[in-house]
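Data first, discussion second: the structure below is written as structure tokens.
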Amino acid sequence: MIITFPTQPGTHDVVLEAPAGAVARCTVHVPDLPAADAPLVLVLHYGGEPTGFYGRPLLEMLAAGPWRELGAVFVAPVAAGGDWSVPRNCELALNLLYAAQRHYQTADSKRVVLGYSMGAMGVWQLLAKVPDLFAAAVPLAGPPPPLLPTLVLRTPVQALNSQADRLFPASATAAAIAALAAGGAPAQVRLLEGIDHHAFGAFAPSLAQLLPWLRGCWAPAGVAV
């Protein structure tokens, strides 16, 4: 995969040259003052047939906005066909993450994955595939995956779901997280009120509230954040 990453601060749409002449797309946000040990956040978009730079609204509204003070690099690939459970889309996301880390020299200990709806399902897929890659994971408004009973979860998870979600009921998410936590997994759930499944921007204040938790996920043991 050939990637020319932007160097200027801001949000940029990038076309990737993948093997066999295929073309993939992603959006990259570069912080105003990038640091060598900056966090790196992978953002997985919702379902639907993707057009253009499909992950950009999610990156801007739920990642680079609420988490701006982290000084992180954010990357939001576009899944072919919109499905993050497809192996080639998981590979695309991981390859982009690794390439961005090499280019921006972000911290190994500060990788985060966030996904909404179908993207939340993609978060669980990646946690199963690479259980030690991420320091923290935030699945939003997504159903518990079929692989959940066999998942050995080591990554701290904060799952957010609205009790007004009529597509993916919050009760299913709460039950799944409770089962993981009962087995000793570092998983928690936050149930919100009054947010329709398609009103993803309304999750922004709750994501901002996760900042202390995120910093705690990558702080050395015994260090206050």
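Taken together, the values in this text are just the output of simple stated rules run on the coordinates, not laboratory data. Since the model is a prediction, treat every value here as computed from it, not as a measurement. We place every Cβ from the backbone using ideal geometry, glycine too, and count neighbours over all the protein chains shown.
Using the 10 angstrom Cβ neighbour count as an exposure proxy, how do 23, 112 rank, fewest first?
Final ranking by Cβ density, sparse to dense: 23, 112.
Please compute the net charge surrounding residue 199, taking Lys and Arg as +1 and Asp and Glu as -1 over other residues with Cβ under 13 Å from its Cβ.
Net local charge, residue 199 excluded: -2.
Which order results if 12, 45 are arranged by neighbouring Cβ count within 10 Å, fewest first?
If I rank by nearby Cβ atoms, fewest first, I get 12, 45.
Starting from the Cα of residue 23, step 7 Å along the direction of its Cβ; do the same at residue 36; then give the gap between the two resulting points in nm.
3.8 nm
If N is the number of residues in segment 48-97, what value comes out of its Cα radius of gyration divided by 2.2 N^0.38 Å?
Against the compact-globule rule of thumb, the ratio is 1.22.
Give the label of the value calculated from the structure for Rg/Rh (Cα atoms, Kirkwood Rh), choosing from [x] 0.94; [y] 0.96; [z] 1.05.
Correct label is [x].
Could you grab the relative contact order for the chain? Cα pairs under 8 Å, six or more apart, rounded to a whole percent.
Relative contact order, the chain: 16 percent.
Can you give the longest stretch of the chain with no exposed loop site, where a site means trypsin sites (Lys or Arg not before Pro) in a DSSP loop (not H, G, I, E or B) with at most 16 other C-beta atoms within 10 Å?
Excluding the exposed sites themselves, the longest stretch runs over 1-153.
Gap in Å between the Cα centre of segment 178-217 and the Cα centre of segment 78-116?
Using only Cα atoms to place each centre, the spacing works out to 20 Å.
Give me the one-decimal Kirkwood hydrodynamic radius in Å for segment 23-143, with the sum taken over alpha-carbon pairs.
13.9 Å
With both bridge residues required to lie in segment 10-214, what share of the DSSP beta bridges run antiparallel, to the nearest 5%?
35 percent
I want to verify a result. In a Gaussian network model of the chain, Cα cutoff 10 Å, which of these has the top mean-square fluctuation: 47, 115, 183?
183
At 0.36 nm per residue, and after removing the present C-alpha to C-alpha distance, how many nm does the segment from residue 108 to residue 15 gain when stretched out fully?
31.0 nm
Given H placed 1.01 Å from N in the peptide plane, which residues other than close sequence neighbours of residue 25 have an amide H under 5 Å from its amide H?
Amide H neighbours of residue 25, under 5 Å, 5+ apart: 16, 78.
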